[in-house]
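Worksheet: one structure, shown below.
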Amino acid sequence: MMKNGLVLEGGAMRGLWTAGVMDVMMEHDIWPDGIIGVSAGAAFGCNYKSRQPGRAIRYNMRYARDARYSGVRSLLMTGDYFNAEFGYHVIPKQYDIYDDDAFNNNSMEFIVVCTDVETGLPVYQSLTTASDDTYDWIRASASMPLVSRVVELQGRKLLDGGVSDSIPLEHFESIGYCHNVVILTQPSGYQKAHNRLMPFMRIALRKYPNMIKAMDERHIMYNRQLDYVAQAEQEGRCLVIRPDEKIPIGHICHNPDQMHHVYDLGRAAGRRHLDRIQSFYSKS
């Protein structure tokens, strides 16, 4: 039997749209065999393994304007726009409790994608037991260049997984997940352009020439991956769920109402595609 997978693209706060889709899936007892998440896909997708629908939108709205969670003050004081300690260790342990036991007891595989800044290549980390290191792997996957410190884990220096493998369908297929739902955060017809912030990236990442190269060529990689996804969809290997139009939110947002609107759009998409998702997974 083919393994059912769920592939989650990143997209910073666009990931709240994905969270809406995922919450509908969880509420209807749709449990894939494994998930691979990139950046926001990792940060919000971890709630799937812990079976906590609603958690992603809840804590993002609650702390949207809290300087301890995110903002320029955090960036200046810590080097991270999204405060690493508060966001990845205090909130899940004290304020919006992450269900470590549910994560540990769920057989669903959960893989996050990071980028090794020294090689510019993707790192795929399977997370099986909830721990401080697990939270930091998720943080590394979601650490956007320019507004995040390099995360050092297990001898590697890591940043945003979307730089090196934005839509990791091909990798997931290579390890046995040959029947996948892919949730994208850009509408049909989208093509990524060259990063206009590259002059700043070259300065910020000057110690890491391979990372600069990966950033410089990211749009080429991403658009090739879109072609790969389209071919896989045509051949029936994956089902793609994407927004009908551009998601109305920026990479960074401090407006709880806007966050909830984007989340609701994702929930509406999840309900609209629910029958297709259930039917697709039932065929594996």
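The values are calculated or read from the model by the stated rules, or taken from the named source; none is laboratory data. Small disclaimer: the values here were computed from a predicted structure and weren't measured. Glycine gets a Cβ as well: all are built from the backbone with ideal geometry, and neighbour counts include every protein chain shown. Note: accessible area is taken over every heavy atom of the protein model, side chains too, but ligands, DNA and RNA are not part of it. Shrake-Rupley method; radii C 1.70, N 1.55, O 1.52, S 1.80 Å.
Among helices (runs of 4 or more DSSP H) entirely within region 39-133, having at least 3 residues that are modelled with pLDDT under 95 and either farther than 25 Å from Val21 by Cα or acidic (Asp, Glu) (or both) singles out 72-78.
For the residues Trp17, Trp31, the requirement of being among the hydrophobic types (A, V, I, L, M, F, W, C), touching a residue at least 12 places away in the same chain (Cβ under 8 Å), out of contact with any strand residue (DSSP E or B) (no Cβ under 6 Å at 6 or more places or on another chain) and closer than 21 Å to Gln258 by Cα singles out Trp17. In region 134-151, the qualifying residues are those that are within 23 Å of Leu169 (Cα to Cα), small (Gly, Ala, Ser) and part of a loop (DSSP other than H, G, I, E, B), and the one that is nearest to the chain's Cα centre (by Cα) is Ala142. Residues in region 34-59 that are among the charged types (D, E, K, R) and surrounded by fewer than 19 Cβ atoms within 10 Å (Cβ to Cβ) were compared, and the one that is farthest from His254 (Cα to Cα) is Arg51.
The rows are residues; the columns are (1) closer than 23 Å to Asn4 by Cα; (2) surrounded by 14 or more Cβ atoms within 10 Å (Cβ to Cβ); (3) touching a Pro at 6+ places or on another chain (Cβ under 8 Å).
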position	(1), (2), (3)
Asp133	no, no, no
Val151	no, yes, no
Leu159	no, yes, yes
Lys213	no, no, no
Glu217	no, yes, no
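Lys207 meets each of the listed conditions (1) touching a helix residue (DSSP H, G or I) at 6+ places or on another chain (Cβ under 8 Å); (2) in a loop (DSSP other than H, G, I, E, B) apart from (1). Contact annotation: residue pairs with Cβ atoms under 7 Å, 6 or more positions apart or on different chains, pairing a residue in region 81-107 that is farther than 19 Å from Arg65 by Cβ with a partner that is open to solvent by less than 20 Å² (accessible area, probe 1.4 Å) and of a type in the set (D, E, K, R), are Phe103/Lys49; Asn106/Lys49.
Pairs, please: C-beta under 8 Å, at least 6 apart or cross-chain, first residue among the hydroxyl-bearing types (Ser, Thr, Tyr) and in region 144-170, second surrounded by fewer than 24 Cβ atoms within 10 Å (Cβ to Cβ) and part of a loop (DSSP other than H, G, I, E, B)? These pairs meet every condition: Ser148/Gly79; Ser148/Asp80; Ser148/Tyr81; Ser164/Gly120; Ser164/Leu121.
Would you mind finding the one in Asp227, Asp275, Asp257 that is under 25 Å from Gln191 (Cα atoms), modelled with pLDDT of 95 or more and loosely packed, with under 13 Cβ neighbours inside 10 Å?
On the way: Asp275 fails: under 25 Å from Gln191 (Cα atoms); Asp257 fails: under 25 Å from Gln191 (Cα atoms).
Selected residue: Asp227, the only one of Asp227, Asp275, Asp257 that is under 25 Å from Gln191 (Cα atoms), modelled with pLDDT of 95 or more and loosely packed, with under 13 Cβ neighbours inside 10 Å.
Any idea which residue in region 72-96 is most open to solvent (accessible area, probe 1.4 Å), counting only those that are more than 20 Å from the chain's Cα centre (by Cα) and more than 19 Å from Asp160 (Cβ to Cβ)? Among them, the one singled out is Arg73.
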